[in-house]
Amino acid sequence: MSEKDNEDNTQWPLWEVFIQGKPGLAHKHVGSVHAADKELALQNARDLYTRRNEGTSIWVVPAEAITASNPDESEEFFDPSNDKVYRHPTFYTVPDGVSHI
């Protein structure tokens with residue numbers, strides 16, 4: 001076992017951190033922390049990312065729980081949406097008498 005493998009085995013799990021800046025706004029990804037459990041992850045996130053009281057809510061999510069698409073395959077992944085023209089606003093007509101659309 002190499003020294004790098006030994007280092008990887010001793011690190012705590014990685015948690016992704018999302019912070020809500022103000023009530024009603026969406027949570028935004030701000031970074032990651034390593035922590036042994038969810039409570040410690042929340043405390044570490046608070047200490048690291050909200051030093052100036054800029055957040056109203058913090059979410060921590062185990063990095064292993066996140067499933068993401070591959071940016072290198074974005075064309076193939078998003079291509080099927082072009083086959084569904086009914087999803088585009090130009091597919092629909094606005095009825096007469098309807099305003100503010």
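Identify the trypsin sites (Lys or Arg not before Pro) of the stretch 21-101 meeting these criteria: DSSP loop state and at most 15 other C-beta atoms within 10 Å of the C-beta.
Details: sites: 28, 38, 46, 51, 52, 84, 87; in loops: 51, 52, 84.
Sparse-neighbourhood loop trypsin sites (Lys or Arg not before Pro): 51, 52, 84.
For residue 11, project a label point 7 Å along Cα to C-beta. Then give me every residue of the stretch 32-75 with its amide nitrogen under 11 Å of that point.
Inside the label zone: 33-35.
Identify which of the listed values of log10 I(q)/I(0) by the Debye sum over Cα atoms at q = 0.15, 0.21, 0.23 Å⁻¹ was calculated from the structure shown: (1) -0.75, -1.12, -1.22; (2) -0.84, -1.03, -1.12; (3) -0.58, -1.16, -1.36.
Working out log10 I(q)/I(0) by the Debye sum over Cα atoms at q = 0.15, 0.21, 0.23 Å⁻¹ from the coordinates points to (2).
Can you give the net charge of the other residues whose Cβ lies under 11 Å from the Cβ of residue 62, counting K and R as +1 and D and E as -1?
Working: positive: 38; negative: 16, 37, 64.
Net of charged neighbours comes to -2.
Which value, in debye to the nearest 20, gives the size of the charge dipole of the stretch 3-67 about its Cα centre, when Lys and Arg are +1 and Asp and Glu are -1 at the Cβ? Can you show the working numbers first?
On the way: 7 positive and 10 negative charges, 121 e Å.
Dipole size: approximately 580 debye.
Amide H neighbours of residue 32 under 5 Å, counting only residues 5+ apart in sequence or on other chains, H built in-plane at 1.01 Å?
Long-range HN contacts for residue 32: 17.
Per residue of the stretch 44-50, in order, report the coupling 6.51 cos²θ - 1.76 cosθ + 1.60 (Karplus, θ = phi - 60°) as ³J(HN,Hα) in whole Hz, putting x for Gly and Pro.
Whole-Hz 3J(HN,Hα) from phi for the stretch 44-50: 4, 5, 4, 5, 8, 10, 10.
Testing the spin-label approximation: label points 7 Å from Cα along Cα→Cβ at residue 76 and residue 46. State their distance in nm.
Output for this residue pair reads 4.5 nm.
Could you work out the relative contact order of the chain? I mean the mean sequence separation of Cα pairs under 8 Å and 6+ apart, divided by the number of residues, in percent. Please list the in-between numbers first.
Values: 100 pairs, mean separation 24.6, N = 101.
Across the chain, relative contact order equals 24 percent.
Determine, from the Cβ-Cβ distance of residue 53 and residue 88 and an R0 of 30 Å, the FRET efficiency 1/(1 + (r/R0)^6), rounded to the nearest 0.05.
Working: r = 43 Å, r/R0 = 1.43.
Between residue 53 and residue 88 the formula returns 0.10.
Every number here is computed from the coordinates shown, using simple stated rules; none is lab data. This one's a predicted model, so the numbers in the text were calculated from it and none came from an experiment. Every residue, glycine among them, receives a Cβ derived from its backbone with ideal geometry; neighbour counts consider all protein chains shown.
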